[in-house]
1. I'm trying to understand the selection: among the residues of segment 92-107, which are among the aliphatic types (A, V, I, L, M) and either under 21 Å from G137 (Cβ atoms) or touching a Ser or Thr at 6+ places or on another chain (Cβ under 9 Å) (or both)?
2. E161 versus (1) in a loop (DSSP other than H, G, I, E, B); (2) modelled with pLDDT under 95; (3) under 30 Å from P81 (Cβ atoms): which is the lone unmet condition?
3. Name the single residue that is surrounded by the most Cβ atoms within 10 Å (Cβ to Cβ) among those in segment 169-216 being in a loop (DSSP other than H, G, I, E, B) and hydroxyl-bearing (S, T, Y).
4. From the list V31, V43, V91, V114, exactly one residue is modelled with pLDDT of 95 or more and more than 22 Å from I13 (Cα to Cα). Which is it?
5. Test each condition in (1) assigned to a helix (DSSP H, G or I); (2) of a type outside the set (D, E, K, R); (3) surrounded by fewer than 22 Cβ atoms within 10 Å (Cβ to Cβ) for T20 and report the one that comes out false.
6. With the structure loaded, tell me whether V105 is hydrophobic (A, V, I, L, M, F, W, C) and either assigned to a strand (DSSP E or B) or surrounded by fewer than 17 Cβ atoms within 10 Å (Cβ to Cβ) (or both) or whether it fails that test.
7. If we scan segment 98-111, do we find a residue that is assigned by TED's automatic domain parsing to the domain that holds G134, free of Cβ contacts under 8 Å to residues at least 12 places away in the same chain and touching a strand residue (DSSP E or B) at 6+ places or on another chain (Cβ under 7 Å)?
8. Just to be sure, is I216 assigned by TED's automatic domain parsing to the domain that holds P299 and over 20 Å from G284 (Cβ atoms)?
Amino acid sequence: MTISLFDIFKIGIGPSSSHTVGPMKAAARFVSSVTETGNGGEVRRVAIELFGSLALTGLGHGTDTALILGLAGAAPETVDPDDVARIVALVRATGTLPLGGGASVSFSAETDIVMRGNELLPRHVNGMRFSAFGADGSCQQTAIYYSIGGGFIVGEDEVDEEESAVPPVQFPYPFKSSADLLAMGEKAEKSVAEIALANERALRSEDEIFEGLRRIWRVMSDGIRRGMSAEGQLPGPLGVPRRAGTIHKTLRDRVRHDRSGPLEVLDWVNLFAIAVNEENAAGGRVVTAPTNGAAGIIPAVGSYFERFCEGADEAGIFTFLLTAGAIGG
């Protein structure tokens, strides 16, 4: 285990952990650094340069929206997806942005977000350079961040720090491979979930762990429900129709008319995954598992357990999430 379960399962918004969640966190981190260095009161404008992959696919993945939200003080885990369009529209209409949710600075999404798709920063394909300018136009502060996958970001000086995301604690059961994990479990006579729980206790109380797992599962379940009830098209120029709602109606009709087949349960599992994936594509709230692109699998399997396995309960869901988190970590 190299990172916490709650680093594997991160609550955020779609459609991409690397191109949406990561840039939003980077923008918020830049604002915090500006404040910490005492430059916040001097800033009159901010600008961002996106390099490589971020620039080439940024608009399709909502990177511009994510940057606006992060600069305005929003966080991936708490921003209301229903408020996103309103916040971004206000910034675009006024040409100003409440930096960190506070004083407004000049900001034009059209000119202050610069796409440099043919250029790469030296450490990673998903590079961002943030700059803050004073009233006289001089650059007060600049910083480079990289979105390295799964919603993780690192600063320019952190890229070469091995396992920079590892918490500064000693886990009772440290492992770096599945072989290590299985050997430790056999020696300690503990399941994978018990190993994961013991390691998480090194970071937070058991009550905090279970409350965190409860919230993660609630967000996952909500994503399924929203996805199955939504209609219309997914965002983007291709006009891709949502499918989960139609599939849900078809499966309910089969059950109602007793036309379910022996593999019916697999259709439901697929539906659950599609529902979450469509919510992610629409910019809704999902949980990285470990990325936004893979966000539908864990909720789908967990919902199968909840709905089709006799004796399923919350404790079983927790065991499932702990086990999955250990394997993913």
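1. Once the filter is applied, which keeps residues that are among the aliphatic types (A, V, I, L, M) and either under 21 Å from G137 (Cβ atoms) or touching a Ser or Thr at 6+ places or on another chain (Cβ under 9 Å) (or both), segment 92-107 yields L97, L99, A103, V105.
2. (3)
3. Y173
4. V114
5. (3)
6. So V105 passes the test.
7. yes
8. For I216, the condition - assigned by TED's automatic domain parsing to the domain that holds P299 and over 20 Å from G284 (Cβ atoms) - is not met.
The values are calculated or read from the model by the stated rules, or taken from the named source; none is laboratory data. What you see is a predicted model, and the numbers here were worked out from it, not measured in a lab. Every residue, glycine as well, gets a Cβ built from its backbone with ideal geometry; the counts of neighbours run over all protein chains shown.
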